[in-house]
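What follows is a short report on a single structure.
The values are calculated or read from the model by the stated rules, or taken from the named source; none is laboratory data. Keep in mind that this is a model prediction, so the values were computed, not measured. No Cβ is skipped: glycine too gets one built from the backbone with ideal geometry, and neighbour counts run over all protein chains shown. Remember, those area values only see protein heavy atoms, side chains included, never the ligands or the DNA or RNA. Shrake-Rupley method; radii C 1.70, N 1.55, O 1.52, S 1.80 Å.
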Amino acid sequence: MTSHTTPGGPRAAGKKDERRRLIRELLLVAGLFAVYKAGRMLSTGRTGEAFHNADRVWDAERALRLPGEGAVQRLLLHSDAVVHTANTYYAAVHFPATALFLIWLYLRRPAHYLWTRRVLALLTGAALALHLAFPLAPPRMLDAAHLVDTGLVYGPSVYRAAPATDTMANQFAAMPSLHFGWALMLALGMIAATSSRLRALWLLHPLVTLLVVVGTANHYWLDALVATALLGGALLLVPRPAEAVEGVEGVAPVEPLVPVEPVGPVPVRDVAPGGRAVPVASAVPGPVRGAVPGPTRGGDAPAYVPPGRAFVPAHVRGGAAAAGPAGPGTPAGPGTPAGPGTPGSPGGTAVASSGARGAGR
């Protein structure tokens with residue numbers, strides 16, 4: 001008789017499900033990003049409104065006594081290499097860092113991935129709504145700011161010189177700064193998903209991002225503050241994933257010990273060789289190192305079952321088990337009465353070990 005089997009069937013099915021989930025996640029993230037990019041372009045033609053809002057934001061920052069963005073830019077302009085590095089950081093780190101962050105979470109921390117994806121989706125959706133409701137020209141375009149467009153002068157730049165001719169990006173979507181919002185979520189997500197003592201260093205990423213977006217004159221301070229507020233709201237709405245074991249990374253909760261198998265009633269008394277009844281507790285040796293506690297009934301002392309061995313009640317054992325004498329070196333339990341002829345006990349007979357218990361029944 002032959003049977004047809006497919007080697008590795010369950011494993012192959014599991015891998016197929018994993019590929020489907022991965023493709024679904026990729027399509028979902030790509031679709032959300034495409035909707036965001038398309039939505040941003042809806043406010044590109046509102047130039048007058050964008051510059052008017054820029055004047056309002058600039059005046060609000062001065063009223064709040066926030067430091068001028070020019071203070072950060074002057075630090076960058078001390079060195080061509082530093083300002084070029086800042087431009088590169090702005091252009092090349094934002095999307096790849098976020099993508100790698102999500103990929104790592106998907107592979108290593110699935111629960112944190114779902115949490116992070118939902119938070120980023122809420123943050124990005126709220127940012128898109130604000131882009132459409134409040135178009136804002138960046139400070140590099142504002143005459144009152146007296147700032148340099150570092151990307152255009154020193155390179156590299158992700159924007160064209162004239163916003164009206166830029167079909168790849170909406171330069172009037174400065175409020176809020178998703179560069180900073182996503183960077184802050186990356187840091188918070190890595191802190192939540194890891195247990196290293198140095199995980200707080202992930203906060204350097206949003207700090208550097210903040211200095212870069214302000215120093216390159218692509219964003220105002222208020223752009224970052226609004227992004228922080230939106231992120232805080234998203235974090236309040238999306239519950240954090242449950243921790244497996246507090247303080248231990250990647251460890252599942254320890255399951256409580258359970259009996260090896262269901263057993264019947266445990267007799268209160270057993271019969272030692274010679275027909276003398278003794279309590280079961282006195283016939284049970286002391287705990288075995290590494291043993292699993294067995295069940296107890298009616299106040300009896302717990303029986304101990306070595307790992308990998310099934311617990312067998314005394315009334316089940318018998319016959320051949322009762323025929324053999326106790327093995328050498330098997331101690332009798334404390335308080336075990338001795339019968340006549342027990343070695344080492346004057347005139348007594350030792351109660352049989354677990355292999356000989358049940359004799360004479």
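Here's the yes/no breakdown for (1) part of a helix (DSSP H, G or I); (2) touching a Lys or Arg at 6+ places or on another chain (Cβ under 9 Å); (3) open to solvent by 30 Å² or more (accessible area, probe 1.4 Å):
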| site | (1), (2), (3) |
| --- | --- |
| Leu186 | yes, no, no |
| Met190 | yes, yes, no |
| Leu201 | yes, no, yes |
| Val214 | yes, no, no |
| Ala217 | no, yes, no |
| Ala224 | yes, no, no |
| Leu231 | yes, no, no |
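Counting only residues that are open to solvent by 60 Å² or more (accessible area, probe 1.4 Å) and hydrophobic (A, V, I, L, M, F, W, C), which one in the stretch 130-160 is nearest to Gln171 (Cα to Cα)?
Only one residue tops the list, namely Val158.
If you scan the stretch 1-42, which residues turn out to be at pLDDT below 65 and assigned to a helix (DSSP H, G or I)?
Our first condition is that a residue be at pLDDT below 65; within the stretch 1-42, this holds for 1-10.
Within the stretch 1-42, Gly9, Pro10 qualify.
Scan the stretch 73-80 and tell me whether some residue there is surrounded by fewer than 20 Cβ atoms within 10 Å (Cβ to Cβ) and closer than 30 Å to Ile23 by Cα.
Restricting attention to the stretch 73-80, the residues satisfying the condition of being surrounded by fewer than 20 Cβ atoms within 10 Å (Cβ to Cβ) are 74-75, 77-80.
Next, only the ones that are closer than 30 Å to Ile23 by Cα stay: none.
No, every residue in the stretch 73-80 fails to be surrounded by fewer than 20 Cβ atoms within 10 Å (Cβ to Cβ) and closer than 30 Å to Ile23 by Cα.
Going by what's in this entry, would Pro67 be described as open to solvent by less than 10 Å² (accessible area, probe 1.4 Å) and either within 20 Å of Leu231 (Cα to Cα) or touching a residue at least 12 places away in the same chain (Cβ under 8 Å) (or both)? Lay out the reasoning, then the answer.
Working: open to solvent by less than 10 Å² (accessible area, probe 1.4 Å): no; either within 20 Å of Leu231 (Cα to Cα) or touching a residue at least 12 places away in the same chain (Cβ under 8 Å) (or both): yes.
When the stated conditions are applied, Pro67 does not pass them.
Taking Arg62, is it touching a Gly at 6+ places or on another chain (Cβ under 9 Å), open to solvent by 40 Å² or more (accessible area, probe 1.4 Å) and assigned to a helix (DSSP H, G or I)? Break it down into steps so the answer makes sense when it comes.
On the way: touching a Gly at 6+ places or on another chain (Cβ under 9 Å): yes; open to solvent by 40 Å² or more (accessible area, probe 1.4 Å): yes; assigned to a helix (DSSP H, G or I): yes.
Answer is yes for this residue.
How many residues are modelled with pLDDT of 80 or more, open to solvent by less than 90 Å² (accessible area, probe 1.4 Å) and either touching a Leu at 6+ places or on another chain (Cβ under 6 Å) or not in a loop (DSSP other than H, G, I, E, B) (or both) when one looks only at the stretch 43-59?
So in the stretch 43-59, the residues modelled with pLDDT of 80 or more come out as 46-59.
Now drop any that are not open to solvent by less than 90 Å² (accessible area, probe 1.4 Å), which leaves 46-51, 53-55, 57-58.
Add one more test, that the residue is either touching a Leu at 6+ places or on another chain (Cβ under 6 Å) or not in a loop (DSSP other than H, G, I, E, B) (or both), and what stays is 47-51, 53-55, 57-58.
Residues flagged as modelled with pLDDT of 80 or more, open to solvent by less than 90 Å² (accessible area, probe 1.4 Å) and either touching a Leu at 6+ places or on another chain (Cβ under 6 Å) or not in a loop (DSSP other than H, G, I, E, B) (or both) within the stretch 43-59 amount to 10.
Show the residue pairs that are 6+ apart or on different chains and have beta-carbon atoms under 6 Å apart, the first residue being within the stretch 190-216 and of a type in the set (Lys, Arg), the second being assigned to a helix (DSSP H, G or I).
Arg199/Ile191
Which condition number does Arg197 fail, the rest of (1) under 29 Å from the mean Cα position of the chain (by Cα); (2) not in a loop (DSSP other than H, G, I, E, B) being met?
Condition (2) is where Arg197 drops out.
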